[in-house]
Structure formats: C-alpha cells, structure tokens
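Q: Here you go, one structure.
The values are calculated or read from the model by the stated rules, or taken from the named source; none is laboratory data. Keep in mind the model is a prediction, meaning the values are calculated, not measured. Neighbour counts are summed over all protein chains in view; Cβ atoms, including those assigned to glycine, are modelled from backbone coordinates with ideal geometry. In case anyone asks, the SASA skips ligands and DNA or RNA and just uses the protein heavy atoms, side chains included. Shrake-Rupley method; radii C 1.70, N 1.55, O 1.52, S 1.80 Å.
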Amino acid sequence: MALTVLCAAMSACSDEDDHVTAAHRTGDGDEAISSVTIEANRFVRDVMSDYYYWEAEMPSLDYKKQSDTEEYFYSLLSSKDRFSYISSDAQATIDGFEGKYTDFGWEYKLSYLSSTSDSVVAIVTYVYDATPASAAGVRRGDVVYAVDGKAINSDNYRTLFVNAASGSFAAYRVENGNLAKVSYSMVAADITENPVALSRIIDNADGSKVGYLFYTSFSYTFNDDLVAAFKSFADGGVSDVVLDLRYNPGGDLEALSYMCSMLAPKSAVDNKDEMLFYDFNDKLKTLASYSRDSSSVHFSDEPGVNLDLSRLVVLVGPDTYSASEATIWSLMPYSDVTLIGDTTGGKNSMMYVMSPEDFTYASSGMPYYSSSINNWLIMPIVAIYKNTTGQAFDTSLGYGLPPTYYVPDLASVLTKGLKPIGDPDENLLAAALSYLSTGSVSTNKNLQLPEALRSFGSSADSKPQVLYRRLVKR
C-alpha cells in the first residue's frame, strides 16, 4: 500500500524540506555528499521523526551532513533498541520475509570450540528439505569446524562461513556413540524455505493424540500451508498441540493472527476478542488511527480452522523472537501456556516495513521521494505490543520470556548427537510429551551446552527478528 504524507503526522511536510537536487558539502573541507545520499538521509529523518517509538530521544543531527545513510540511521537509535533495521537492498529483504534466500538451507548455532581458544564451530540445528544441505547429507547435530581446509575463528567466521556461497565443509558427527569426522561440499542455491517445516500427529504415552508443528518463521506467503497443518490436526482428533518455535525469529502480523486464531479457545474466536494492541509514540497517539481501538488485533475466523485449545505447549529458546513471543503473550490470557526450553530472545515490539516509494503527496498522489532511493528499506520499531490485559512483557535485561521448564536443546551434541526435529525422543519434544501425559517434566538447570561450546551466535542473527506490518506493496 502507498502512504499519503499527511502534515498532521509527518514532519516531512515542512516547506523548507524540498528535494535535495545537488551535492552538498559539509563545510569542513570534506568531499561533497551526493544528492542520492542526502535524499536517502531525508527519508530516514522523516520516517524516524514521526514513527520511531523513541523519537523523543533521538539526537539532533543534520541529515544533509551525514555521508553514510546506514551509519546515520543507527546513530538515531535509542540504547533500548536492539532491533531496528535498515537495508540498501529492499528486494532481498522482502524476499527473505517470503522465505526466499540464496543459501545452503540450514539453521545453525555458532559457538566457541573451547573455553580458551578462538576457534568457532557451527552446530547444525535444522536442515530444510530439497536444499543443497539436505542433498549433501548434512544432519542436525553436525558440528562444522572448517571450510575449505581453514579452521573457523572469531575473525574469519563471517567471511569463511556465514557469507560463504560455496565450500567444502568439515564437521564432527556422533555416530554409534563415537565422535567421527565427516565432510561435504555445497554450492548455495536460490531456495524457498517453507516455515511450516514439519507437522505430524504423535500417539502419546497416555493414549492421546498430540499435534506437533515445527514452525520457523511467520510468513503470510505460507498461510495456506499453516491452515493445512491445523486442518490435519483437527481431522486427526488431536487433544493437544506442541508448537515448536525454538528457532523462529518472528515475521508478519497476518501469519501471527492466523496462528493465534487457530489455537485459541473457540469462544475467544467467536467473540473476536482482542489478541493484542500497540502502544505508539506520543506524537502518533494524538491521531485517532493510532489509538488502542484502531491498533488492536483481534482473533478471526478467517483461517476456517480452530482447535479450541484450553492449553498449549510451546518449545522456545534464545532464537525465539518477536512474532513468536507475541503468539505466546497473546494467548496467555486465554489459555494455559507452558513454555519448555530456554529463555526467549526478548523482542516485545512491532516494526513497520517502509520504503521511499510507499510515500506520496496528499494533494497529487505523486511520489514524495526520488526514485533513485527506492532500493532503501527501513524497519524501525514503531510500537510496543501489549496483550489484552494491557501489559507488555519485560525485556529490560536483554532477554524475554523464561521457560516454565528449562530443558537444554543442544547439551548432548558432542556425546550423543542430536535427535531429529520431530522425533518423540528429541530433548524438548520428549519433555513436552511427558508434560502432556504426566503433568511433569524432568529438568536440570545445570545441564548446559558443554563448557567447550560457549555461545557465539546463530543463523537467526542474519535474519531480522521481527513482528511487522507490511507497508510495502505486495
């Protein structure tokens, strides 16, 4: 959808801010800043000044004197903000939201190989079907330590591993109780990752049927697949659902609404009760369109399937962010939600996805910004989401929702390997099935990732952790 620039909301309407059409010098002897950079900076300044949640805290910087648009954007962010994002490749970002990547098709957790060395390894946590990684025989639990014969370390991990387009990868793998070495060669390919990665019905120990869904991002593009998974649960007579969001960094509001509406008690859906609402900055809250009534999201019968659940088990971890956390937070006032795994990433906010071409003049409908900057896209935090109780969960310590039961995800990787995702004996899923059948979970807070493997990062770090509304054209 296109946005009309309204003077009541947009500081960009001021008369003095005509388009910059010539290069500008800072006056300090620096080289001229191009008109394209200044136009991109103007776009950043306009949007952040009106929509950014912490706009009142932004420093006063002259956008005409900023030579790097990305640096300018990040210099405006609040110290409370870990997530706002800018890209000079808008299409690649949008493709990512739709599950389209040039990639090997795996998820991984980066860790230090030893507590005293600088060596880095990548623990493979999941492999998507029909990708270079699956074709090469990569398995969950493989511990990749070298690429093209070069050991991965904290200086080269991004060039050598994260951004690699091809390579020969060496890894440790537990086979028959022993730690063996394996290798595989891969070339990255254009792939589409379906976030409805695995759904199945499990016959639990107490005779009940449990629907299990491994969901890796919230993407409206795959809502039909999401509905199909829940329809299979309904047709199969499941009494409970285990929703696996441990590697899900978030996604869009439409998929979130579908998910919650299929899981919530039927009475809440029939009544179209409020799931959540958004608290915007003080400037926007003066406008009726940004009030609680206008920003509330309600349960909907649009998916056409509802499991009428009074309880839900969600598998979570440090890579569970944003829309995943919002799903949990939205359902908590309506259902008994049990979290199994580790503390979530901690993003209780919503972004707008905005590009220059989304803005037009109110009077003529003509583009407000030069088409020369249409490659830019920004995703600032514009609101904090709250559930129907009026509360947001606390993220001030840099993390999010604690688990009801702590169960380690990767602790046995070097000794027993990792069970496949969806295997009833896999650590987190086994704990969930035990809870549903017996009401208890065997947990050991002291059982951590081996000391030799200290956390370093994950594949989720390369994907924006988002709950967003799309203001870009579909």
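Q: Could you list, in sequence order, the residues of the stretch 324-344 that are open to solvent by less than 20 Å² (accessible area, probe 1.4 Å) and modelled with pLDDT under 95?
A: Within the stretch 324-344, Gly341, Thr344 meet the criteria.
Q: Which count do you get for residues in the stretch 43-67 that are loosely packed, with under 13 Cβ neighbours inside 10 Å and either at pLDDT below 95 or assigned to a loop (DSSP other than H, G, I, E, B) (or both)?
A: Looking only at that region, the number is 3.
Q: Moving to a separate point now. From the list Ala135, Ala205, pick out the single residue that is small (Gly, Ala, Ser), touching a residue at least 60 places away in the same chain (Cβ under 8 Å) and either open to solvent by 30 Å² or more (accessible area, probe 1.4 Å) or under 22 Å from Pro408 (Cβ atoms) (or both).
A: Details: Ala135 fails: touching a residue at least 60 places away in the same chain (Cβ under 8 Å).
Step by step, each of Ala135, Ala205 is checked, and only Ala205 is small (Gly, Ala, Ser), touching a residue at least 60 places away in the same chain (Cβ under 8 Å) and either open to solvent by 30 Å² or more (accessible area, probe 1.4 Å) or under 22 Å from Pro408 (Cβ atoms) (or both).
Q: Between Val238, Val269, which is over 14 Å from the mean Cα position of the chain (by Cα) and part of a loop (DSSP other than H, G, I, E, B)? Working first, answer last.
A: Working: Val269 fails: part of a loop (DSSP other than H, G, I, E, B).
Criteria check complete, one pass: Val238.
Q: Of the residues that make up the stretch 162-170, is at least one more than 25 Å from the chain's Cα centre (by Cα), crowded, with 16+ Cβ neighbours inside 10 Å, modelled with pLDDT of 95 or more and of a type in the set (S, T, N, Q)?
A: no
Q: So if I check each of Thr395, Thr415, Thr404, which one is farther than 30 Å from Gln91 by Cα, modelled with pLDDT of 90 or more, among the β-branched types (Val, Ile, Thr) and open to solvent by 40 Å² or more (accessible area, probe 1.4 Å)?
A: Working: Thr395 fails: open to solvent by 40 Å² or more (accessible area, probe 1.4 Å); Thr415 fails: modelled with pLDDT of 90 or more.
Result of the check over Thr395, Thr415, Thr404: Thr404.
Q: Could you look through the stretch 282-313, keep only residues that are touching a strand residue (DSSP E or B) at 6+ places or on another chain (Cβ under 7 Å) and not in a strand (DSSP E or B), and pick out the one that is surrounded by the most Cβ atoms within 10 Å (Cβ to Cβ)? Steps first, please.
A: We begin by selecting, within the stretch 282-313, every residue touching a strand residue (DSSP E or B) at 6+ places or on another chain (Cβ under 7 Å); these are 290, 292, 295-299, 307, 309-313.
Within this subset, residues satisfying the condition of being not in a strand (DSSP E or B) are 290, 292, 295-296, 299, 307, 309-310.
Numbers: Tyr290: 20, Arg292: 14, Ser295: 19, Ser296: 15, Phe299: 27, Leu307: 19, Leu309: 23, Ser310: 10.
Only one residue fits best here, namely Phe299.
Q: Restricting attention to the stretch 178-193, does a residue exist that is closer than 30 Å to Arg311 by Cβ, of a type outside the set (Val, Ile, Thr) and not in a strand (DSSP E or B)?
A: Step one: filter the stretch 178-193 for residues closer than 30 Å to Arg311 by Cβ, giving 193.
From what is left, the residues that are of a type outside the set (Val, Ile, Thr) are 193.
Imposing the further condition that a residue be not in a strand (DSSP E or B) reduces the set to 193.
For the stretch 178-193, residues closer than 30 Å to Arg311 by Cβ, of a type outside the set (Val, Ile, Thr) and not in a strand (DSSP E or B): present.
Q: Now for a different question. Output yes when any residue across the stretch 244-252 is aliphatic (A, V, I, L, M), surrounded by 23 or more Cβ atoms within 10 Å (Cβ to Cβ) and touching a residue at least 40 places away in the same chain (Cβ under 8 Å), and no when none is. Lay out the reasoning, then the answer.
A: Pass one, the stretch 244-252, residues aliphatic (A, V, I, L, M): 245.
Cutting the leftovers down to surrounded by 23 or more Cβ atoms within 10 Å (Cβ to Cβ) gives us 245.
From the residues that got through so far, the ones that are touching a residue at least 40 places away in the same chain (Cβ under 8 Å) too are 245.
Checking the stretch 244-252: at least one residue is aliphatic (A, V, I, L, M), surrounded by 23 or more Cβ atoms within 10 Å (Cβ to Cβ) and touching a residue at least 40 places away in the same chain (Cβ under 8 Å).
Q: Out of the residues in the stretch 77-90 meeting the condition of being touching a residue at least 12 places away in the same chain (Cβ under 8 Å) and polar (S, T, N, Q), tell me which one is farthest from Asp50 (Cα to Cα).
A: If we take residues in the stretch 77-90 being touching a residue at least 12 places away in the same chain (Cβ under 8 Å) and polar (S, T, N, Q), then Ser88 is farthest from Asp50 (Cα to Cα).
Q: For the stretch 103-120, what are the residues that are in a loop (DSSP other than H, G, I, E, B) and over 27 Å from the mean Cα position of the chain (by Cα)? Quick ask: steps written out before the conclusion?
A: First, pick out the residues of the stretch 103-120 that are in a loop (DSSP other than H, G, I, E, B): 104-105, 113-118.
Across the stretch 103-120, the qualifying residues are Ser114, Ser115, Thr116, Ser117, Asp118.
Q: Looking at the stretch 334-420, what strands (runs of 3 or more DSSP E) fall wholly within it and have at least 3 residues that are within 30 Å of Arg173 (Cα to Cα) and touching a residue at least 24 places away in the same chain (Cβ under 8 Å)? If you could, list the steps in order and put the result at the bottom.
A: On the way: elements: 336-341, 349-353, 359-361, 377-379, 381-387.
In the stretch 334-420, the matching strands (runs of 3 or more DSSP E) lie at 336-341.
Q: Checking Lys231 against (1) closer than 18 Å to Ala197 by Cα; (2) part of a loop (DSSP other than H, G, I, E, B); (3) over 21 Å from the mean Cα position of the chain (by Cα), which test does it fail?
A: It is condition (2) that Lys231 fails.
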